[in-house]
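Here's the structure we're looking at; comments come further down.
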Amino acid sequence: MLEFSQQIVNGLSLGAIYALIALGYTMVYGIIKLINFAHGDVMMVGAYVGFFSITMLGTNIVVAMLAAMLLCALLGVLIEKVAYRPLRNSTRIAALITAIGVSLFLEYITVVVLGPAQRVFPQSAFPIKAYNLAGLTILNKQIFVFVSAVLLMLILQYIIKRTKTGKAMRAVSLDMEAAVLMGISVDKTISVTFAIGSALAAAAGVMIGVYYQTINPLMGIIPGLKAFVAAVLGGIGLIPGAMVGGFVMGLLETMVSGYGSSLYRDAVAFGVLIIILLIRPTGLFGKNTGEKV
Amino acid sequence: MLAVKEIDVYYGAIHALKKFSLDVEEGSIVTLIGANGAGKTTVLKTISGILRPTTGSVMFKGQDLVKVPPEKIVALGISQVPEGRRVFQTMSVLENLEMGAYLRSDKKEIQKDLENIFLRFPRLKERRKQSAGTLSGGEQQMLAIGRALMAQPELLLMDEPSMGLAPLLVKEIFEIIKDINSRGTTVLLVEQNANMALTIADQAYVIETGEIVLQGAAEELMRSEEVKKAYLGG
């Protein structure tokens, strides 16, 4: 039982990271029906911005995270403008292939500029402490990851539900033409969606740096794909689905590592994708029926 | 107020509007009637800036709308109740109405307009927290009208507001349109229900395959043999 609870603790913090990345996938899909395969790489850029903020500017971890979020928000907007917007009215496969192109571009431009070697996230920025709670070991980095991820998700929920911009995002994703007739600028709304999604990914990147302590230019690939599976699991396009999907994936991964073998954890993650696509392609929260009248 | 002048609009290879012209005078109700696929919706989409004409002009209060982005057209005072209502299904009734006022920032005025719309449509007030998709067809139509009014339009474009509604509701909707007009909003009404549309309109146009075939005062058109035969059931 203790072992099980320990795995839950580990899974929740990992799941929080996946959930943050999955949110960006699902928001972008919700609004322009594009699987933005460069999303995991935006997360990687965020991790590097955090790294340099700490090592070169000497900031603390919170400032590093905010800097990463800000810069990646701009990067996300730029990617949409340069790569996806010109293809808005072309086939979806064209945009998808472009997304893979952007992904490779970000990965290898980072390799060229910063080198392929992995870097160690400075311990001094986040000295690890362990707490003991009824036999459970809880690390302060786990608390940090979980609390800041949940906080960001609450802020996102507030933006989407309560602010004018958030409502416009929902309107555009529900019916683009009707939204235009309200005077909503579709271009602006899509830019905001990329900015928010990319900022969340950047935060996740810094968290991964803190959590695993190493970063490298290809670090976005596997977490990005797993977050994509999480978004599909919850129902692509649905924000609560991405959150739940992220936590499910995180818990599943730690359980597989804890009770089976960590060799299988990636296979299980992608096995989930195959199973969900076979039996419930709309995801846990997706509706199979058409729109209600 | 609005002068559509000799516009040509294409849907891919389809020539949807051919040298189409139409005038709307301030304060009036103008109706555009015609069969399914005649190009009625295309006219409204072109005025709203969703479709663009290859030739011709769309003058509104002395400004050509042809190059104005759609969100600016709303700001100029034209809003549309689209065909099939197109309410935001999973958003609440209140949120739908707020979206209608998207370009406005005068909070007090918005609140006042909201109260007026709830006064006009009490059922929307009762259901303001429900998601729009759970409303009946008639209620969704009222919501779509209320949403368009929240933009404080000078010209209201309505695309088949009677579509799919029971006869009693159709009558109610037309009463509402008359009332909206009597309070100073100009209305351009596209309809297949020619009978009802001609009853409330001042001016009328008949469109067939992208071209105006008849136009005149609504009363006259109602008496015209051609219109009777083709659109009024004998």
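Only residues that are closer than 14 Å to B:LEU143 by Cα and at the interface with another protein chain (Cβ under 7 Å from one of its Cβ atoms) were counted in the range B:103-122, giving 0.
Within the bounds of the range A:229-247, is there any residue that is β-branched (Val, Ile, Thr), within 14 Å of chain B (Cβ to nearest Cβ) and part of a helix (DSSP H, G or I)? Yes: the range A:229-247 contains one or more residues that are β-branched (Val, Ile, Thr), within 14 Å of chain B (Cβ to nearest Cβ) and part of a helix (DSSP H, G or I). Looking at the range B:200-221, which of its residues are over 17 Å from B:MET163 (Cα atoms) and assigned to a helix (DSSP H, G or I)? Once the filter is applied, which keeps residues that are over 17 Å from B:MET163 (Cα atoms) and assigned to a helix (DSSP H, G or I), the range B:200-221 yields B:ALA218, B:GLU219, B:GLU220, B:LEU221. Just give me the residues in the range B:139-164 being among the hydrophobic types (A, V, I, L, M, F, W, C) and modelled with pLDDT of 95 or more, in sequence order. Correct list: B:MET142, B:LEU143, B:ALA144, B:ILE145, B:ALA148, B:LEU149, B:MET150, B:ALA151, B:LEU155, B:LEU156, B:LEU157, B:MET158. With (1) at pLDDT below 95; (2) part of a helix (DSSP H, G or I) as the list, and B:ASN36 as the residue in question, which single condition is left unmet? Going through (1) at pLDDT below 95; (2) part of a helix (DSSP H, G or I) one by one, B:ASN36 breaks only (2). Exactly one residue out of A:GLY15, A:GLY30, A:GLY58, A:GLY50 is in contact with a helix residue (DSSP H, G or I) (Cβ under 6 Å, 6 or more places away or on another chain) and more than 19 Å from A:PRO240 (Cβ to Cβ): that is A:GLY50. For the range A:231-240, does any single residue satisfy the condition of being hydrophobic (A, V, I, L, M, F, W, C), without any contact (Cβ under 8 Å) to a residue 60 or more places away in the chain and within 14 Å of A:ILE21 (Cβ to Cβ)? So far as the range A:231-240 goes, yes, one or more of its residues are hydrophobic (A, V, I, L, M, F, W, C), without any contact (Cβ under 8 Å) to a residue 60 or more places away in the chain and within 14 Å of A:ILE21 (Cβ to Cβ). Residues that are in contact with a helix residue (DSSP H, G or I) (Cβ under 6 Å, 6 or more places away or on another chain) and either at the interface with chain B (Cβ under 9 Å from one of its Cβ atoms) or over 20 Å from B:MET91 (Cβ atoms) (or both) within the range A:154-180 comprise A:LYS167, A:ALA168, A:ALA171, A:ALA179, A:VAL180, listed in sequence order.
If I filter the range B:34-45 for residues that are among the hydrophobic types (A, V, I, L, M, F, W, C) and within 11 Å of chain A (Cβ to nearest Cβ), do I get at least one hit? Checked against the condition, which is being among the hydrophobic types (A, V, I, L, M, F, W, C) and within 11 Å of chain A (Cβ to nearest Cβ), the range B:34-45 yields at least one hit. Looking only at residues that are in a loop (DSSP other than H, G, I, E, B) and more than 14 Å from chain A (Cβ to nearest Cβ) in the range B:46-64, which one is surrounded by the fewest Cβ atoms within 10 Å (Cβ to Cβ)? Selected residue: B:GLY62. If only residues of the range B:74-102 that are facing chain A (nearest Cβ under 8 Å) and aliphatic (A, V, I, L, M) are counted, the one that is surrounded by the fewest Cβ atoms within 10 Å (Cβ to Cβ) is B:ALA75. Once the range A:184-200 is narrowed to residues that are surrounded by fewer than 24 Cβ atoms within 10 Å (Cβ to Cβ) and without any contact (Cβ under 8 Å) to a residue 60 or more places away in the chain, the residue that is farthest from the other protein chains (Cβ to nearest Cβ) is A:VAL192.
A:VAL77 passes every criterion in (1) in contact with a Ser or Thr (Cβ under 6 Å, 6 or more places away or on another chain); (2) modelled with pLDDT under 95 apart from (2).
The values are calculated or read from the model by the stated rules, or taken from the named source; none is laboratory data. Note that this is a predicted model, so its numbers are computed, not measured. Glycine gets a Cβ as well: all are built from the backbone with ideal geometry, and neighbour counts include every protein chain shown.
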